[in-house]
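The values are calculated or read from the model by the stated rules, or taken from the named source; none is laboratory data. Since the model is a prediction, treat every value here as computed from it, not as a measurement. Cβ placement follows ideal geometry from the backbone for every residue including glycine, while neighbour counts extend to all protein chains displayed. Surface accessibility is based on the protein's heavy atoms, side chains included, excluding ligands, DNA and RNA. Shrake-Rupley method; radii C 1.70, N 1.55, O 1.52, S 1.80 Å.
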Amino acid sequence: MSAGWLAISGLGPGGGALVTPEVTDALAQATDVIGYIPYVARVAPRPGLTLHPSDNRVELDRATHALRLAAQGARVVVVSSGDPGVFAMAAAVFEALEAGPPAWGLLDIRVLPGITAMLAASARAGAPLGHDFCAINLSDNLKPWSLVERRIRLAAEADFAIAFYNPRSRARPDDLDRAFAVLRDACADRRPVLFARAVTTPEEVLRIVPLPDARGDMADMRTMVIVGSSRTRLIDRPGAPILYTPRSAP
Ligand code: SAH
């Protein structure tokens, strides 16, 4: 049996053209694919390939399973959407590696990057991340809400554009409204807010509203929310406007 390996891979935001050739190659050589159900569904079945779809919120179990299979000689691809290092499986695998047997430290493990949702959404709208920005995961499953709120407040104070991942879920219907309330408290202007849903898929929808009009129910769990800095602006033109942040700050 050939030596096992583990490739923690990003499938990009959804569009087939945005899967990198490196990830396509790893999938072609894999014996096992592990990941959250809708991401594994994006991998074409073939003889010799075992698909292991699992429910969300079991990242550590999934990571441990992947490490165990690779240690037994399997060629394992763990799939995430977007980039595996951005609020996804790569960190989960390394948490499991740290907690596991020392032999796992000798495994051949690679992280294969993908196009993260923030960059895909930004490209669709123009260049809202053209100056300094930060990314915040609005899910408070793994951290207290007080920390989320503090980071939003400080990001607004530093005048970053802010990309919000996981803005809303059925379990947390009010978090995005709470985030907007913190932002309106910190920023009294009409900076644009981009709601980019299911970017690069057939269900893609983009919407831009000024911060005072932004509401939580404009997003769902497939939406990326990008709040501009004080300098982010729109270029109006026929068709969709261009949203961008100039490269310089005064
Ligand atoms: N690793 C992923 C992010 C996982 S968190 C990445 O790098 O993109 C999941 C969140 O990503 C979703 O709640 C949503 O906010 C965002 N997201 C993922 N795919 C998206 C897409 N095609 N369009 C808009 N947002 C997306």
Q) Is it true that some residue in segment 204-211 is in contact with an Asp or Glu (Cβ under 6 Å, 6 or more places away or on another chain), surrounded by 14 or more Cβ atoms within 10 Å (Cβ to Cβ) and within 19 Å of PHE180 (Cβ to Cβ)? A) no
Q) Listed residues ALA163, ALA198; which is touching an Asp or Glu at 6+ places or on another chain (Cβ under 8 Å) and within 22 Å of ASN56 (Cβ to Cβ)? A) ALA198
Q. In the list ARG150, ARG191, ARG197, which residue meets the criterion of being away from the ligand (no atom under 16 Å from the Cβ) and touching a residue at least 12 places away in the same chain (Cβ under 8 Å)?
A. ARG191
Q.
Please determine whether any residue of segment 160-167 is open to solvent by less than 30 Å² (accessible area, probe 1.4 Å), touching a residue at least 40 places away in the same chain (Cβ under 8 Å), outside the structural domain of MET89 (by TED's automatic domain parsing) and of a type in the set (S, T, N, Q).
A. no
Q) If HIS131 passes every condition in (1) out of contact with any helix residue (DSSP H, G or I) (no Cβ under 9 Å at 6 or more places or on another chain); (2) within 16 Å of the ligand (Cβ to nearest atom); (3) part of a loop (DSSP other than H, G, I, E, B); (4) under 18 Å from LEU243 (Cβ atoms) but one, which one does it miss? A) (2)
Q: Could you list, in sequence order, all residues of segment 98-119 that are away from the ligand (no atom under 16 Å from the Cβ) and touching a residue at least 40 places away in the same chain (Cβ under 8 Å)?
A: LEU107, ASP108, ILE109, ARG110
Q) Out of all the residues in segment 210-229, which are more than 16 Å from the ligand (Cβ to nearest atom) and within 21 Å of ASN137 (Cα to Cα)? A) LEU211, ARG215, GLY228, SER229
Q: From GLY4, GLY14, GLY35, grab the single residue that is within 16 Å of the ligand (Cβ to nearest atom) and in contact (Cβ under 8 Å) with a residue 60 or more places away in the chain.
A: GLY14
Q | So ASP177, is it part of a helix (DSSP H, G or I), open to solvent by 10 Å² or more (accessible area, probe 1.4 Å), away from the ligand (no atom under 13 Å from the Cβ) and touching a Pro at 6+ places or on another chain (Cβ under 9 Å) | A | no
Q. Is there a residue in segment 144-152 that is under 25 Å from ARG247 (Cβ atoms) and modelled with pLDDT of 95 or more?
A. yes
Q. What single numbered condition from (1) open to solvent by 70 Å² or more (accessible area, probe 1.4 Å); (2) in contact with a helix residue (DSSP H, G or I) (Cβ under 6 Å, 6 or more places away or on another chain) fails to hold for GLU149?
A. (1)
Q. If the Cβ limit is 9 Å and pairs must be 6+ apart or interchain, which residue in segment 217-230 that is assigned by TED's automatic domain parsing to the domain that holds PHE164 pairs with which residue that is surrounded by fewer than 18 Cβ atoms within 10 Å (Cβ to Cβ) and among the polar types (S, T, N, Q)?
A. ASP220/SER169; MET221/SER169; ARG222/THR201
Q | Matching residues in segment 79-119 - criterion: being of a type in the set (Val, Ile, Thr) and within 26 Å of LEU138 (Cβ to Cβ) | A | VAL79, VAL86, VAL93, VAL111, ILE115, THR116
